[in-house]
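One structure is given below, encoded as structure tokens.
The values are calculated or read from the model by the stated rules, or taken from the named source; none is laboratory data. Keep in mind the model is a prediction, meaning the values are calculated, not measured. Cβ coordinates were reconstructed from backbone atoms using ideal geometry, including for glycine residues, and neighbour counts include every protein chain displayed.
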Amino acid sequence: MWFKSVLVKTLRDYRIAILGWGIGMGLVVVSPMATVSTLISTPQQRAELASLAASFAWNAELVAPTVGGYATFKIGIFIFLICVWPLLAASRMLRGEEERGSMDVLLSLPRSRVRVAVEKVAAMWVALLAMGVLIGLVAFAGGEQFKGDFNVVDALLFGLDLALVCAVFGGLALLISQFTQERGTAAGWTAALLLVFIVLDMVHRVIPNTVWISQLSPIYYYNLSKPLVPSYGASAGGMLVLAGLSVGLAAVAVWLFARRDVGDTVALPAWLRLPQRAARANVMPAGEWSLRSIYARGLGMVAMPTLWWTLGIAGGAAWFVVVIKQSEAKLQELASGSSFFQTLITQFGSSNAGFNANLLSAIFLILPLLLMAFAVTQVNRWSSDEVDGRLDIVLSTPQSRLFVLLGRFAALTTATIVIGVMTLAATALAASAAGLKLDTGNLAAATLGMIPMGLLVAAVGYLAAGWLRTAADTGLLSFLLAAWFFISFIGPDLKLPDGTLRLSPFYYYGTPLVHGLQLADMVLLVSVGVLALALGSVRFMRKDIAV
Amino acid sequence: MKAIIQVERLTKSYGGKRGIVDVSFEVPEGEVFGFLGPNGAGKTTTIRLLMALLHPDAGSARIAGLDCWQQSIEIKRLVGYVPGEPALDPNLTGGQILEYFANLRGGVDRPYLTQLIKRLDLDLNRKFHQYSTGNKRKVVLIQAFMHRPKVLILDEPTSGLDPLNQQVFDGMVKDARESGSTVFLSSHVLSEVEKTCTRVGIIREGRLVRIGGIADVKAIKRYEITISFASPVPPETFASLEGVEKVEVLNEGHAVRLAIQGSADAVVKTAARYPVVSLTSYEPSLEDIFLRYYQADGKVPEEAANVV
């Protein structure tokens, strides 16, 4: 049954993702519903929120005093994470098969290229719709449990809106993969564009008369619909734009795929191509720095991803600093009139700290999460290098297994430090340029304090790679990341016991932009990381390679 | 001659699945040893145990007197290795890959490396993922030979190479042997093993079923004789003769093709009773011998088991 067509076979490949992503993201939506009632328990709080909604466009749904509104606000932060699956799946869809060589076999069947590609795209859309339905149903169940005032149709429309925006980024990844030799490059470009689009969507919230800029972003059209907020509803226009973009991007991608050589890329117009290099002599690249050792090679491998993630993390942090300075007056005016808003902001900061520092502190919680996600991608690469046999010849040279593992980990450590330092430099420069006063020590603590967080995830990943294959290792780390973040992000609202909150590394990271880093907490994080790395090293020295 | 590879009762399983069981053999220094077996027989497991990529469940493997697991770093200074499936960083060029491994080995003889590159006619400027299967194999072969190793451990080294490059490879193995290196290679190309190797081991379902010199192995004669007669001859005449394993009737009974084990004396004498038009005998190839060891019943002939 599962092997009757390309569509069904591709759906089969997605079955675990559909269930895991659908139910997981559904629970992400439901989690904040559990806490909203305590935040808007009094009529005064509700009234404050309603007045805020009328005066300020920044996440209007945040101030809508409803279960669905609060959930919509919280899920908005995770749009990047939600789009990760379609982005990876679509960049792998055609290019990944070409890299593996399995596309040649698939295209040897009596099926046209267009049909093969269309069936694969259709499978992704069906998978996204199924995820959307699951998210909607879980959200509806949550709404029923926590007295939400939206019905099942609203919940399903919410899921549909998410599925549509995911389909747009899936289509974009598929299109970009027609121009890249490797799926990873396509995924990287799409992720970078996703970040750009998220930022573009935010522009009109802080800078007046810039809606036209935000309208360039698919995220803007996603945000036009807020089906979980009954007073807001769904925007048929917004959804149609998203559907149109999804179909358009996928159609162009399929059209290009049908016309190019398999395994090759679409030829760019002459004016976009890099100048042709003169024919190189057939000589060895002696003296190339990245080929001198395991560590240097590790650095060479991680260099390009580091550049992209640095742009995302450091650039994003700097942008937040500028935005907060620009909207300072407006936000302070809002906060002064709303105890709810003040409570929310000081949840991530301190009543004694400055307003800007508190707000930035809340936003800066995302940065270590992103750095940890970067570490997950690099652990994935280490694990796949072993599983795919790329370490076999390396280990046939007179390099000890311990040296190989530590060389790669040292390269990842260097990359993590670079991202941390660049984030510090970018935010300090942005604060200085925007005239925002931040405690330099705390800023350094907030940015450099991310480094042990990233390395902890990497060390745990290296340890788990001693037993688990790549997909399981990545899945475990992703689960841990999500669990840790929700323990710290939602846990206080859910009044989770202190012992549970302490299970998350975010607890030890704290709110350094306001309070600085606690040395004992950092030592504990580093110690756990070192222990995990030591155990991972011992395991790697003794294990069967690529079994 | 002193054994440079010593394997004794080497055993490895993957969970509940069989890898190899009680495999023992020795390879003298300077020998080219062929390791034969079908897919899943245990060739790659044996080789990966020699390379310390796997940890043995029992038994021992030594190269140059050093334990393959405990002293793997010292061993790897002496060894050049070609894995069964060449997996390398897809984004590096052939030149970068060779430079990288030359550095990891602490430097190599550059003129010799250049000579190998020219000999195999490798384009150094293409990325690994852009290479054809044969060119990928060339990169892996060069990195195995480039430091003039004392021992070469090669897992299906010619898989994907065209006949011209297979000849070049044969030349490289010959040169390595002449310079005193020992070569341990697994292959499915039996004619190549026949050409290249001095001794052969045959592994089946994880157990070494046969080991011996090429000439010894070929001595387990299994002739094929085709006899044409002027008039039809009943096939039963030959079926009951000593050594005849199979009788095939050809040309409406005017000819028979006989598979014979051992002496052909009885067959020749019986055929002489009829008007013979022609008689053709085929020498068994290593391929034939190999296939015989892996026939459906899997039985190993008793007399064959004693050949060393």
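Counted as qualifying within segment A:496-547 are the helices (runs of 4 or more DSSP H) with 1 or more residues that are among the charged types (D, E, K, R), within 14 Å of chain B (Cβ to nearest Cβ) and at negative phi, namely A:519-542. The residues of segment B:114-134 that are facing chain A (nearest Cβ under 10 Å), part of a helix (DSSP H, G or I) and of a type in the set (D, E, K, R) amount to a single one, B:Lys118.
Rundown of residues vs (1) modelled with pLDDT of 95 or more; (2) surrounded by 14 or more Cβ atoms within 10 Å (Cβ to Cβ); (3) part of a loop (DSSP other than H, G, I, E, B); (4) of a type in the set (A, V, I, L, M, F, W, C), yes/no style:
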site	(1), (2), (3), (4)
A:Gly248	yes, no, no, no
A:Ala253	yes, yes, no, yes
A:Asp264	no, no, yes, no
A:Ala267	no, no, yes, yes
A:Gln276	no, no, yes, no
A:Val283	no, no, yes, yes
A:Ala286	no, no, yes, yes
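Residue-by-condition table, conditions (1) surrounded by 14 or more Cβ atoms within 10 Å (Cβ to Cβ); (2) at pLDDT 90 or above; (3) of a type in the set (Gly, Ala, Ser):
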residue: A:Trp271; (1), (2), (3): no, no, no
residue: A:Ala279; (1), (2), (3): no, no, yes
residue: A:Ser290; (1), (2), (3): yes, yes, yes
residue: A:Ile294; (1), (2), (3): yes, yes, no
residue: A:Arg297; (1), (2), (3): yes, yes, no
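Residues that are more than 9 Å from chain B (Cβ to nearest Cβ) and either modelled with pLDDT of 95 or more or surrounded by fewer than 23 Cβ atoms within 10 Å (Cβ to Cβ) (or both): does segment A:387-396 have at least one? Within segment A:387-396, one or more residues are more than 9 Å from chain B (Cβ to nearest Cβ) and either modelled with pLDDT of 95 or more or surrounded by fewer than 23 Cβ atoms within 10 Å (Cβ to Cβ) (or both). Taking segment B:54-88 as the range and being in a loop (DSSP other than H, G, I, E, B), at the interface with chain A (Cβ under 7 Å from one of its Cβ atoms) and in contact with a strand residue (DSSP E or B) (Cβ under 9 Å, 6 or more places away or on another chain) as the test, the residues that pass are B:Leu54, B:His55, B:Pro83, B:Glu85. If you check A:Ala251, A:Ala234 for being without any contact (Cβ under 8 Å) to a residue 12 or more places away in the chain and within 25 Å of A:Phe197 (Cα to Cα), only one passes: A:Ala251.
Taken together, the criteria place A:Thr180 among residues that are in contact with a Lys or Arg (Cβ under 8 Å, 6 or more places away or on another chain) and closer than 21 Å to A:Glu99 by Cβ. Close contacts from segment A:290-318, counting a first residue that is at the interface with chain B (Cβ under 9 Å from one of its Cβ atoms) and a second that is hydroxyl-bearing (Ser, Thr, Tyr) and surrounded by fewer than 21 Cβ atoms within 10 Å (Cβ to Cβ), with Cβ to Cβ under 9 Å and a gap of 6+ residues or different chains, come to A:Ala296/A:Ser290; A:Arg297/A:Ser290; A:Gly300/A:Ser290; A:Met301/A:Ser290. Of the helices (runs of 4 or more DSSP H) lying entirely inside segment B:161-236, those containing at least 2 residues that are in contact with a helix residue (DSSP H, G or I) (Cβ under 7 Å, 6 or more places away or on another chain), within 30 Å of B:Arg9 (Cβ to Cβ) and at pLDDT below 90 are B:190-196, B:214-218.
Please verify whether segment B:140-148 includes one or more residues that are at pLDDT 95 or above, part of a loop (DSSP other than H, G, I, E, B) and buried (at least 21 other Cβ atoms within 10 Å of the Cβ). Yes, segment B:140-148 contains at least one residue that is at pLDDT 95 or above, part of a loop (DSSP other than H, G, I, E, B) and buried (at least 21 other Cβ atoms within 10 Å of the Cβ). Scanning segment B:237-281 for residues that are in contact with a strand residue (DSSP E or B) (Cβ under 8 Å, 6 or more places away or on another chain) and of a type in the set (Asp, Glu) gives B:Glu245, B:Glu248.
Scanning segment A:131-160 for residues that are crowded, with 22+ Cβ neighbours inside 10 Å and outside any helix (DSSP H, G or I) returns A:Gly148, A:Phe150. Is it true that B:Ile153 is within 9 Å of chain A (Cβ to nearest Cβ), modelled with pLDDT of 95 or more and part of a strand (DSSP E or B)? Spelling it out, B:Ile153 is indeed within 9 Å of chain A (Cβ to nearest Cβ), modelled with pLDDT of 95 or more and part of a strand (DSSP E or B).
Any chance you could count how many residues in segment B:89-109 are farther than 18 Å from B:Lys138 by Cβ and assigned to a helix (DSSP H, G or I)? Looking only at that region, the number is 2.
Answer with yes or no whether A:Trp212 is in a helix (DSSP H, G or I), free of Cβ contacts under 8 Å to residues at least 40 places away in the same chain and under 30 Å from A:Met103 (Cα atoms). The answer is no for A:Trp212. When A:Trp58 is tested against (1) assigned to a helix (DSSP H, G or I); (2) of a type in the set (Phe, Trp, Tyr); (3) at pLDDT below 75, only condition (1) is not met.
A single entry from B:Lys127, B:Lys136, B:Lys150 fulfils the requirement of being farther than 21 Å from A:Ala281 by Cα and in contact with a helix residue (DSSP H, G or I) (Cβ under 9 Å, 6 or more places away or on another chain): B:Lys150. Entry remark, segment B:251-276: residues being modelled with pLDDT under 90 and crowded, with 18+ Cβ neighbours inside 10 Å number 4 in total. Name every residue in segment B:92-113 that is surrounded by fewer than 17 Cβ atoms within 10 Å (Cβ to Cβ) and facing chain A (nearest Cβ under 8 Å), in order of residue number. Once the filter is applied, which keeps residues that are surrounded by fewer than 17 Cβ atoms within 10 Å (Cβ to Cβ) and facing chain A (nearest Cβ under 8 Å), segment B:92-113 yields B:Gly106, B:Arg110.
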